[in-house]
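First up is the structure itself, then whatever we jot down about it.
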Amino acid sequence: MHGSRSDALQLARGILEKIETARSAEVVVCPPFILIPAVAEALSGSVVRFGGQNLDVHDFGAFTGEVSGPMLKDYGCSYVIVGHSERRALYGETNQLVAEKFQAAQRHGLIPILCVGETLKQRRDKATRSTIDGQLAPVIDLVGEEGFRQSVIAYEPVWAIGTGMTATPDQAQEVHGFIRETLTGRGVTGVEELSILYGGSVKAANAAQLFEQPDIDGGLIGGASLNADEFNSICQAVQ
């Protein structure tokens with residue numbers, strides 16, 4: 001929840017200055033709902049795609065303050081984030097609700113970016129794998145073995161978000177590998193082509209080391225995305 005309309009336009013234009021001429025990875029930005037129209041206009045005709053930060057499971061109805069999949073699609077969104085750690089922690093979103101949002105996104109042709117990850121306590125209790133398995137299982141149960149073909153997963157260790165702490169490349173790779181192995185073990189198809197992003201205090205200084213890991217396909221960028229130069233440097237690291 002950052003920025004004004006003018007801030008969003010300036011940021012979008014700053015990203016486009018370099019992304020247009022040097023790009024090997026797909027770039028997606030997800031502004032707050034109210035800023036989507038301005039960002040969509042700024043990105044019109046470019047290679048950068050955009051999406052929402054959340055959506056409601058309902059298509060329409062008396063759900064004051066919520067935004068639906070059809071609304072996001074109507075404004076040209078291609079993606080939507082579901083299950084972000086802040087939604088889970090601050091707004092009590094359960095694994096089952098996140099699974100329903102994942103399904104709702106796909107129902108309207110949006111690509112869900114499914115966020116999974118453990119808290120510091122869960123890591124210290126050696127519950128990282130069981131936590132993430134518990135976050136993935138309801139999605140698999142709801143959308144089936146082929147439901148991940150049009151989706152993205154983002155591993156965001158909660159203990160490394162906004163804390164200045166970052167998982168080491170080896171730590172991040174271990175969990176990314178586990179996610180891929182878990183989906184394969186549950187019979188999910190197309191796992192090798194599935195993009196799994198890392199989202200935990202990624203910045204230009206550590207991006208290259210993270211992205212060179214075999215199962216890390218890119219990043220879900222938080223605070224660093226508010227600076228066009230920093231964000232562009234991270235995008236270049238994907239190459």
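The values are calculated or read from the model by the stated rules, or taken from the named source; none is laboratory data. Computed from a predicted model, the values in this text were never measured in an experiment. Neighbour counts run over all protein chains shown; Cβ positions are idealised from the backbone, glycine included.
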Would you tally the residues in segment 33-92 being of a type in the set (Val, Ile, Thr), crowded, with 17+ Cβ neighbours inside 10 Å and in contact with a Lys or Arg (Cβ under 7 Å, 6 or more places away or on another chain)?
2
Among the charged types (D, E, K, R), under 26 Å from LEU72 (Cβ atoms) and assigned to a helix (DSSP H, G or I): does that describe ARG129?
no
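To keep it simple, each residue is scored yes or no on (1) touching a Ser or Thr at 6+ places or on another chain (Cβ under 7 Å); (2) at pLDDT below 95; (3) of a type in the set (S, T, N, Q); (4) at positive phi.
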residue	(1), (2), (3), (4)
ALA40	no, no, no, no
LEU55	yes, no, no, no
GLY65	no, no, no, yes
SER68	no, no, yes, no
LYS73	no, no, no, no
VAL82	no, no, no, no
GLU93	no, no, no, no
GLN96	no, no, yes, no
ALA99	no, no, no, no
Please note which helices (runs of 4 or more DSSP H) are completely contained in segment 1-88 and include at least 1 residues that are over 30 Å from GLY134 (Cα atoms), touching a helix residue (DSSP H, G or I) at 6+ places or on another chain (Cβ under 8 Å) and touching a residue at least 40 places away in the same chain (Cβ under 8 Å).
5-19, 36-43
Count of residues meeting criterion [aliphatic (A, V, I, L, M), more than 23 Å from ARG124 (Cα to Cα) and in contact (Cβ under 8 Å) with a residue 24 or more places away in the chain] in segment 154-206:
6
Restricting to segment 204-217, count the residues that are in a helix (DSSP H, G or I) and farther than 19 Å from THR163 by Cβ.
2
Look through segment 211-226, keep the residues that are in contact with a Ser or Thr (Cβ under 9 Å, 6 or more places away or on another chain), surrounded by 15 or more Cβ atoms within 10 Å (Cβ to Cβ) and at pLDDT below 95, and return whichever of them is nearest to TRP159 (Cα to Cα).
GLY222
Options ILE221, ILE216; residue that is closer than 16 Å to GLY117 by Cα and touching a His at 6+ places or on another chain (Cβ under 7 Å)
ILE216
Which of the residues belonging to segment 196-239 are out of contact with any strand residue (DSSP E or B) (no Cβ under 8 Å at 6 or more places or on another chain) and β-branched (Val, Ile, Thr)?
ILE221
Looking only at segment 137-149, decide whether some residue is within 15 Å of the chain's Cα centre (by Cα) and not aromatic (Phe, Trp, Tyr).
no
Any chance segment 93-101 includes a residue that's closer than 26 Å to GLY3 by Cα, in a loop (DSSP other than H, G, I, E, B) and under 18 Å from the mean Cα position of the chain (by Cα)?
yes
Taking segment 154-203 as the search range and keeping residues that are touching a Phe, Trp or Tyr at 6+ places or on another chain (Cβ under 8 Å) and assigned to a helix (DSSP H, G or I), which one is surrounded by the most Cβ atoms within 10 Å (Cβ to Cβ)?
ALA172
